[in-house]
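The values are calculated or read from the model by the stated rules, or taken from the named source; none is laboratory data. This is a predicted model, so every value here is computed, not measured. Don't worry about glycine lacking a Cβ; one is built from the backbone with ideal geometry, like all the others, and counts go over all protein chains shown. The protein model used for the area step is the full one, side chains on, heavy atoms only, and it has no ligands, DNA or RNA in it. Shrake-Rupley method; radii C 1.70, N 1.55, O 1.52, S 1.80 Å.
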Number of protein chains: 4
Amino acid sequence: MVTADILIRPLSEDDHADWHRLWTAYLEFYETKLPEDVFQTAFSRLLSGQPGEYQGLIAELDGRPVGLAHFLFHRILWSVEDTCYLMDLYADPAIRGKGVGRALIEAVHATARSAGIPGIYWQTQEFNYKGRMLYDKVAEKTPFIVYEKNS
Amino acid sequence: MVTADILIRPLSEDDHADWHRLWTAYLEFYETKLPEDVFQTAFSRLLSGQPGEYQGLIAELDGRPVGLAHFLFHRILWSVEDTCYLMDLYADPAIRGKGVGRALIEAVHATARSAGIPGIYWQTQEFNYKGRMLYDKVAEKTPFIVYEKNS
Amino acid sequence: MVTADILIRPLSEDDHADWHRLWTAYLEFYETKLPEDVFQTAFSRLLSGQPGEYQGLIAELDGRPVGLAHFLFHRILWSVEDTCYLMDLYADPAIRGKGVGRALIEAVHATARSAGIPGIYWQTQEFNYKGRMLYDKVAEKTPFIVYEKNS
Amino acid sequence: MVTADILIRPLSEDDHADWHRLWTAYLEFYETKLPEDVFQTAFSRLLSGQPGEYQGLIAELDGRPVGLAHFLFHRILWSVEDTCYLMDLYADPAIRGKGVGRALIEAVHATARSAGIPGIYWQTQEFNYKGRMLYDKVAEKTPFIVYEKNS
């Protein structure tokens, strides 16, 4: 079904401009605007290769960067193996339907498995209908909801 | 409102038997039974004091261990500061209503803040009615739901 | 498990004072206060015995009215038989746990079935935890949510 | 934004074939197949003009029937006025995005208001993403979920 030429590859130093553009667009979806120092810290952490830091993937469609994924391996007490949290997932709306989002999810999953991590998980807003159309096809909705305490 | 004598303190080596009993009871709530090596690995990680590992708190009521919390500080790309994931929270049902669950949440929150982390979050099953009665009082329900991909 | 002496019977003219008290308490749960003419119209319709009107049940515990149910038989196009909408269900919180809510639901269901109606349904707020603890035992949660357009 | 020529009009005897086709397609969305006698009973009730029966609307796009709505005025005890339950709403997927669904909802709402009924409501499956994209624009999601007891 997916016939476009999609390439998923690790984020690299050379991606800074594309990454900045794509993550900005992603954050706009969440009506979020982050200061430049957060971008710089994030980019540097994504490339650090250190445990405890997020990793990044870039999706290219016909040679053009059109999507990204940020994910973190972290401990989970219920198993000896770590788990993998897919925090950010973005595909340019202009190329939606070509399989970029799905390819990114599958690449994160494959990266986790090759590190001995059996599964990945992510959060999404209950009303992210377009995202959920994809997620329902490639993953399982759990009965879990999220609470936060900030003050 | 809370008049019972509740003490929240870090998990220590001496707590092994109580911790084992409390976590087992917690896991039963989720209809989960873990092998003994997972218990051993978890206990050792909880006490390691290393970054990237969970920390543990024990709640005592009138001098008796009746509850626990496991939480992890981890990166979040959207801010320079880390966030805090409260993974496990348990209060013995026999002493529910005395404020132990709330005291544990507040202690995790205070521990995070003293480490420069502004907020904590956790997941719960949509139908965990008893838990949510408490969470609605002390925290905010977000619109986020959780997907997972295990195969 | 239920040992109290619960009697469920149709609402009658003589119940006006108790019904008024119980329905007022129910509406308070929904932070709703209705004008007296709505009470009068509702009571008169409940006793009319006409098609298209709600019917009422009163629950007595040890001879004292402690709960009520209002329900409506109405058409459903997907079947030749009507369906039954349980609109209001109330049990005095002071006597919760004695089985009054469950007995009311079962009496509505039995009343519907004796009229040739196979099932009943009702709506509840997602966060009505105490209600849902009961509903999960006696009924099925559907995947349906409710939208309204008032302006 | 909507430029297509949409006409919403009451269902009539002459619509039987189109109505049968459209309702069949709608029911397929819910993986439901009803026996022919239910179709016949439904059509006859929709045209009866009697209180307690559903009414029907047909949507035409450029002169072709492409959608339908079935709705019921019924009592609600919380007000003297009736309410309006929009049970079935369908627009041919082939013409989605042209405003047919929205026009049907607005026509049901206008029909209700002209009968002195202030609001309409409907149920939808939590995961009916395409429907909800529209409903979120024209209506309010309530916190209500639906339980049913069929046995």
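Taking the stretch B:42-51 as the range and being small (Gly, Ala, Ser) and crowded, with 17+ Cβ neighbours inside 10 Å as the test, only B:ALA42 passes. In the stretch D:141-151, the qualifying residues are those that are of a type outside the set (A, V, I, L, M, F, W, C) and facing another protein chain (nearest Cβ under 7 Å), and the one that is farthest from C:LEU104 (Cα to Cα) is D:LYS141.
This table checks each residue for (1) over 14 Å from the mean Cα position of the chain (by Cα); (2) closer than 13 Å to B:GLU148 by Cα.
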position: A:GLN50; (1), (2): yes, no
position: A:LEU68; (1), (2): no, no
position: A:ASP82; (1), (2): yes, no
position: A:GLN123; (1), (2): no, yes
position: A:TYR147; (1), (2): yes, no
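Does C:LEU72 count as assigned to a strand (DSSP E or B), at the interface with another protein chain (Cβ under 7 Å from one of its Cβ atoms) and of a type in the set (A, V, I, L, M)? Yes.
Residues that are under 20 Å from D:GLN125 (Cα atoms) and in contact with a Pro (Cβ under 8 Å, 6 or more places away or on another chain) occur in the stretch A:126-145; there is at least one. Between B:PRO118, B:PRO143, B:PRO65, the distinction of being open to solvent by 40 Å² or more (accessible area, probe 1.4 Å) and part of a strand (DSSP E or B) belongs to B:PRO143 only.
In this entry, D:LEU7 passes the filter for residues that are of a type outside the set (S, T, N, Q), assigned to a strand (DSSP E or B) and surrounded by fewer than 16 Cβ atoms within 10 Å (Cβ to Cβ). In the set (1) more than 30 Å from D:HIS70 (Cα to Cα); (2) touching a strand residue (DSSP E or B) at 6+ places or on another chain (Cβ under 8 Å), C:LEU72 fails one condition alone, (1).
If I filter the stretch A:121-130 down to residues being open to solvent by less than 70 Å² (accessible area, probe 1.4 Å) and facing another protein chain (nearest Cβ under 7 Å), which single residue comes out as farthest from A:VAL66 (Cα to Cα)? Step by step, filter the stretch A:121-130, then rank; the result is A:GLU126. Comparison of D:VAL80, D:VAL66 shows that the only residue that is under 17 Å from D:GLY116 (Cβ atoms), modelled with pLDDT of 95 or more and of a type in the set (Val, Ile, Thr) is D:VAL80.
Looking at the stretch C:131-140, which of the residues that are outside any strand (DSSP E or B), charged (D, E, K, R) and surrounded by fewer than 16 Cβ atoms within 10 Å (Cβ to Cβ) is nearest to the other protein chains (Cβ to nearest Cβ)?
To start, the set of residues in the stretch C:131-140 that are outside any strand (DSSP E or B) comprises C:131-139.
Retained after the next criterion (residues that are charged (D, E, K, R)): C:132, C:136-137.
If we keep only those that are surrounded by fewer than 16 Cβ atoms within 10 Å (Cβ to Cβ) too, we end up with C:136-137.
Numbers: C:ASP136: 7, C:LYS137: 11 Å.
Filtering the stretch C:131-140 for residues that are outside any strand (DSSP E or B), charged (D, E, K, R) and surrounded by fewer than 16 Cβ atoms within 10 Å (Cβ to Cβ), the one nearest to the other protein chains (Cβ to nearest Cβ) comes out as C:ASP136.
Selection of first residues in the stretch B:129-141 that are closer than 11 Å to A:TYR147 by Cβ and of second residues that are of a type in the set (A, V, I, L, M) and modelled with pLDDT of 95 or more, restricted to Cβ pairs under 7 Å at least 6 apart or on distinct chains, gives the following pairs, ordered by first then second residue: B:VAL138/B:ILE105; B:LYS141/A:ILE145.
Kindly provide the set of residues from the stretch A:79-106 that are in contact with a helix residue (DSSP H, G or I) (Cβ under 7 Å, 6 or more places away or on another chain) and not acidic (Asp, Glu), ordered by number. Correct list: A:SER79, A:VAL80, A:CYS84, A:LEU86, A:LEU89, A:TYR90, A:ALA91, A:GLY101, A:ARG102, A:ILE105. Kindly indicate the residue of the stretch C:77-89 that is buried (at least 20 other Cβ atoms within 10 Å of the Cβ) and either aliphatic (A, V, I, L, M) or on the phi > 0 side of the Ramachandran plot (or both) and also farthest from the other protein chains (Cβ to nearest Cβ) among those meeting that condition. The residue in question is C:LEU89.
Among the residues of the stretch C:96-115, those identified as open to solvent by 50 Å² or more (accessible area, probe 1.4 Å) and either in a loop (DSSP other than H, G, I, E, B) or modelled with pLDDT under 95 (or both) are C:ARG96, C:GLY97, C:LYS98, C:ALA115. Collect the residues in the stretch B:10-41 that are loosely packed, with under 14 Cβ neighbours inside 10 Å and within 12 Å of chain A (Cβ to nearest Cβ), keeping them in residue-number order. B:TYR30, B:THR32, B:LYS33, B:PRO35, B:GLU36, B:ASP37, B:GLN40, listed by residue number. Candidates in the stretch A:42-58 are the residues that are touching a Gly at 6+ places or on another chain (Cβ under 9 Å) and closer than 14 Å to A:ASP14 by Cα; of these, the one that is nearest to the other protein chains (Cβ to nearest Cβ) is A:LEU46.
Give me the residue from the stretch B:53-62 that is in a strand (DSSP E or B) and not β-branched (Val, Ile, Thr) and, out of that set, most open to solvent (accessible area, probe 1.4 Å).
Ranking the candidates gives B:GLN55 first.
Going by the structure shown, is A:SER151 open to solvent by 60 Å² or more (accessible area, probe 1.4 Å) and part of a loop (DSSP other than H, G, I, E, B)? It is true that A:SER151 is open to solvent by 60 Å² or more (accessible area, probe 1.4 Å) and part of a loop (DSSP other than H, G, I, E, B). Whenever a residue of the stretch B:39-50 is under 13 Å from A:ILE76 (Cβ atoms), its partners that are surrounded by 16 or more Cβ atoms within 10 Å (Cβ to Cβ), lying with C-beta atoms within less than 6 angstrom and at least six residues away or across chains, give the pairs B:THR41/A:VAL80; B:ALA42/A:LEU77; B:ARG45/B:GLU53; B:LEU46/B:LEU11; B:LEU46/B:TYR54; B:LEU46/B:GLY56.
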